[in-house]
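J.: I have a structure I would like to understand better, so I am pasting it below and will then ask my questions one at a time.
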Amino acid sequence: MARGFELFFAISLLLALLGLCKGSTIGVCYGRNADDLPTPDKVAQLVKQHNIKYLRIYDSNIQVLKAFANTGVELMIGIPNSDLLPFAQFQSNADSWLKNSILPYYPAAKITYITVGAEVTESTDNSSSLVVPAMQNVFTALKKAGLHKRIKVSSTHSLGVLSRSFPPSAGAFNSSHAHFLKPLLEFLADNQSPFMIDIYPYYAYRDSPNNVSLDYALFQSSSEVIDPNTGLLYTNMFDAQIDSIYFALMALNFRTIKIMVTETGWPSKGSPKEKAATPDNAQIYNTNLIRHVINDSGTPAKRGEELDVYIFSLFNENRKPGLESERNWGLFYPDQTSVYNLDFSGKGVVDMTDSNVTSLNGTTTTWCIASTKASEADLQNALDWACGPGNVDCSAIQPSQPCYEPDTLLSHASFAINSYYQQNGATDIACSFGGNGVKVDKNPSM
């Protein structure tokens, strides 16, 4: 009887561990720079219909918050650059905003992130100096309300925040932004908030087609780009750009800050000179992106690292300025019909007009966990091998990290075994571990 209870308790702890480590997620950006979009209520229905679980909006519009109340959709809301000054000037402004514009709709509206400013280094109004004071005031307001651990505060950036991005190992932040970036990175590290970056391989190809191949930008390259400093091999522009951020952070000794991609995508239409902006290329990019992300394959420099990504954008937005492509990034037309079919699961093209579409947060069909019959010596050997020669990133099960608890050998070994299994094709061999790995066909985190 006691042995049965111990087994039940061990499995319960393992499920709790795997529940905390939810894996990478895919969300969608809901921009509203248009005069022909459906009402927020209809947008909420569309999002629910397609099982989209994560949504980014660029402000804290009350009608949008009301529309998404009790939908279960996790919201990233934003404070626009134009509002940074009052938030940075006085704590009372942040307190009032939270009290009057957020708390009346929370937690029915499931807000998990607040972005304070967006790509401020691209603006010409010197608003970058306002970002960190505004972030600190928003954080303090959240702390007063007891929400600072549930709602994370950060700010989004363009790749222009770097002075170098190639090769990835030479990634470095632009020194002209040092006055703004140092306190920002310290804030993120202190509060376990992610560094948010907007990544667009489309622009890299469009602006330099002689140096960047279309296949490399679309995750379709049959050749590899070698980083001469590390020997790491890159088959797509997305990974190279992400790793350039990782290396830039590491160069400043910020090794624990996670990266979140708050915008990426591909336009379906462009001006005559933008020949790569087609529905086919948009479909290919986003399909391959989703497959790449939900497999938790990570990047060459961060194998198996979870990465949350938001696709830009939910709708085409007819009021955006600039070239034709700027108005054609949407997955849907304003009449809610799909611009193109999209592979949500990574296994085949799914029609986005089908109400039975797979969740954007796609999952694998099998998992591999440590056998409860394995000896402690076998579990330790499996853990040591996976985290060593197996190249699994086991930082998440180190003390004070999100998957450290429960601090049991069975739980830590299961984390390492499943990570190795997923990043090596989810094959029977990858789950072997001398007979100490067990395949399961039901998601243990559910």
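J.: So residue 360 clears everything in (1) open to solvent by 10 Å² or more (accessible area, probe 1.4 Å); (2) at pLDDT below 95 except one condition, right? Which one?
T.: Only one criterion is unmet by residue 360, namely (1).
J.: Evaluate the following for residue 56: is it in contact (Cβ under 8 Å) with a residue 60 or more places away in the chain, open to solvent by 50 Å² or more (accessible area, probe 1.4 Å) and in the same structural domain as residue 309 (by the TED database)?
T.: Against the criterion (in contact (Cβ under 8 Å) with a residue 60 or more places away in the chain, open to solvent by 50 Å² or more (accessible area, probe 1.4 Å) and in the same structural domain as residue 309 (by the TED database)), residue 56 does not qualify.
J.: Is it the case that segment 311-325 has a residue that's in a helix (DSSP H, G or I), touching a Gly at 6+ places or on another chain (Cβ under 6 Å) and acidic (Asp, Glu)? If you could, list the steps in order and put the result at the bottom.
T.: Looking only at segment 311-325, we keep the residues that are in a helix (DSSP H, G or I), and these are 324-325.
If we keep only those that are touching a Gly at 6+ places or on another chain (Cβ under 6 Å) as well, we get 324-325.
Filter once more, so that each one left must be acidic (Asp, Glu): 324.
Looking through segment 311-325, at least one residue is in a helix (DSSP H, G or I), touching a Gly at 6+ places or on another chain (Cβ under 6 Å) and acidic (Asp, Glu).
J.: Do you know which residues across segment 395-424 are at pLDDT 80 or above and part of a loop (DSSP other than H, G, I, E, B)?
T.: Residues satisfying the conditions are 398, 399, 403, 404, 405, 406, 407, 408.
J.: Identify, please: which residue in segment 147-194 is out of contact with any strand residue (DSSP E or B) (no Cβ under 7 Å at 6 or more places or on another chain) and among the basic types (Lys, Arg) and is, among those, least open to solvent (accessible area, probe 1.4 Å)?
T.: 182
J.: If you don't mind, there's one more thing I want to ask. Can you say whether residue 69 is open to solvent by 10 Å² or more (accessible area, probe 1.4 Å) and more than 19 Å from residue 116 (Cβ to Cβ), as far as the supplied structure shows? Spell out the reasoning first.
T.: Working: open to solvent by 10 Å² or more (accessible area, probe 1.4 Å): yes; more than 19 Å from residue 116 (Cβ to Cβ): yes.
So residue 69 fits the description; yes.
J.: Here's a follow-up. Can you tell me which of 43, 47 is touching a helix residue (DSSP H, G or I) at 6+ places or on another chain (Cβ under 9 Å), open to solvent by less than 50 Å² (accessible area, probe 1.4 Å) and assigned by the TED database to the domain that holds residue 120? Show your work before the answer.
T.: Working: 47 fails: touching a helix residue (DSSP H, G or I) at 6+ places or on another chain (Cβ under 9 Å).
When all the criteria are applied, what remains is 43.
J.: While we're looking at this one, here's another question. For residue 427, indicate whether it is modelled with pLDDT under 70, hydroxyl-bearing (Ser, Thr, Tyr), part of a loop (DSSP other than H, G, I, E, B) and open to solvent by 40 Å² or more (accessible area, probe 1.4 Å).
T.: Numbers: modelled with pLDDT under 70: no; hydroxyl-bearing (Ser, Thr, Tyr): yes; part of a loop (DSSP other than H, G, I, E, B): yes; open to solvent by 40 Å² or more (accessible area, probe 1.4 Å): yes.
So residue 427 fails the test.
J.: Based on this model, can you work out whether residue 134 counts as in contact (Cβ under 8 Å) with a residue 40 or more places away in the chain, touching a Lys or Arg at 6+ places or on another chain (Cβ under 9 Å) and surrounded by 16 or more Cβ atoms within 10 Å (Cβ to Cβ)? Lay out the reasoning, then the answer.
T.: Working: in contact (Cβ under 8 Å) with a residue 40 or more places away in the chain: yes; touching a Lys or Arg at 6+ places or on another chain (Cβ under 9 Å): no; surrounded by 16 or more Cβ atoms within 10 Å (Cβ to Cβ): yes.
In short, no.
J.: Quick check: anything in segment 90-109 in contact (Cβ under 8 Å) with a residue 24 or more places away in the chain, more than 22 Å from residue 193 (Cα to Cα), open to solvent by 30 Å² or more (accessible area, probe 1.4 Å) and of a type in the set (Phe, Trp, Tyr)?
T.: yes
J.: Further question on the same structure: With the checklist (1) more than 23 Å from residue 402 (Cα to Cα); (2) open to solvent by less than 20 Å² (accessible area, probe 1.4 Å); (3) among the hydrophobic types (A, V, I, L, M, F, W, C) in hand, flag the one item residue 294 doesn't pass.
T.: Against the list (1) more than 23 Å from residue 402 (Cα to Cα); (2) open to solvent by less than 20 Å² (accessible area, probe 1.4 Å); (3) among the hydrophobic types (A, V, I, L, M, F, W, C), residue 294 comes up short only on (1).
Residues checked against (1) buried (at least 23 other Cβ atoms within 10 Å of the Cβ); (2) assigned by the TED database to the domain that holds residue 258:
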{"position": "285", "(1), (2)": "yes, yes"}
{"position": "309", "(1), (2)": "yes, yes"}
{"position": "314", "(1), (2)": "yes, yes"}
{"position": "317", "(1), (2)": "no, yes"}
{"position": "322", "(1), (2)": "no, yes"}
{"position": "325", "(1), (2)": "no, yes"}
{"position": "339", "(1), (2)": "no, no"}
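J.: Please indicate, with yes or no, whether at least one residue in segment 378-391 is buried (at least 18 other Cβ atoms within 10 Å of the Cβ) and touching a residue at least 60 places away in the same chain (Cβ under 8 Å).
T.: no
J.: Right, here's the next one. Tell me whether segment 203-226 contains one or more residues that are under 22 Å from residue 291 (Cα atoms), within 22 Å of the chain's Cα centre (by Cα), among the acidic types (Asp, Glu) and not in a loop (DSSP other than H, G, I, E, B).
T.: Checked segment 203-226: no residue is under 22 Å from residue 291 (Cα atoms), within 22 Å of the chain's Cα centre (by Cα), among the acidic types (Asp, Glu) and not in a loop (DSSP other than H, G, I, E, B).
J.: I'd like the full set of residues that are open to solvent by 50 Å² or more (accessible area, probe 1.4 Å), within 29 Å of residue 120 (Cβ to Cβ) and polar (S, T, N, Q), limited to segment 195-250.
T.: 211, the sole residue that qualifies.
J.: What helices (runs of 4 or more DSSP H), lying completely within segment 75-171, carry at least 2 residues that are among the basic types (Lys, Arg)?
T.: Here the list reads 128-144.
The values are calculated or read from the model by the stated rules, or taken from the named source; none is laboratory data. Values in this document were obtained by computation on a predicted structure and should not be read as measured data. For neighbour counting, all protein chains shown are included, and Cβ atoms are generated from backbone atoms with ideal geometry for every residue, glycine included. The accessibility values were calculated without ligands, DNA or RNA, using every heavy atom of the protein model including side chains. Shrake-Rupley method; radii C 1.70, N 1.55, O 1.52, S 1.80 Å.
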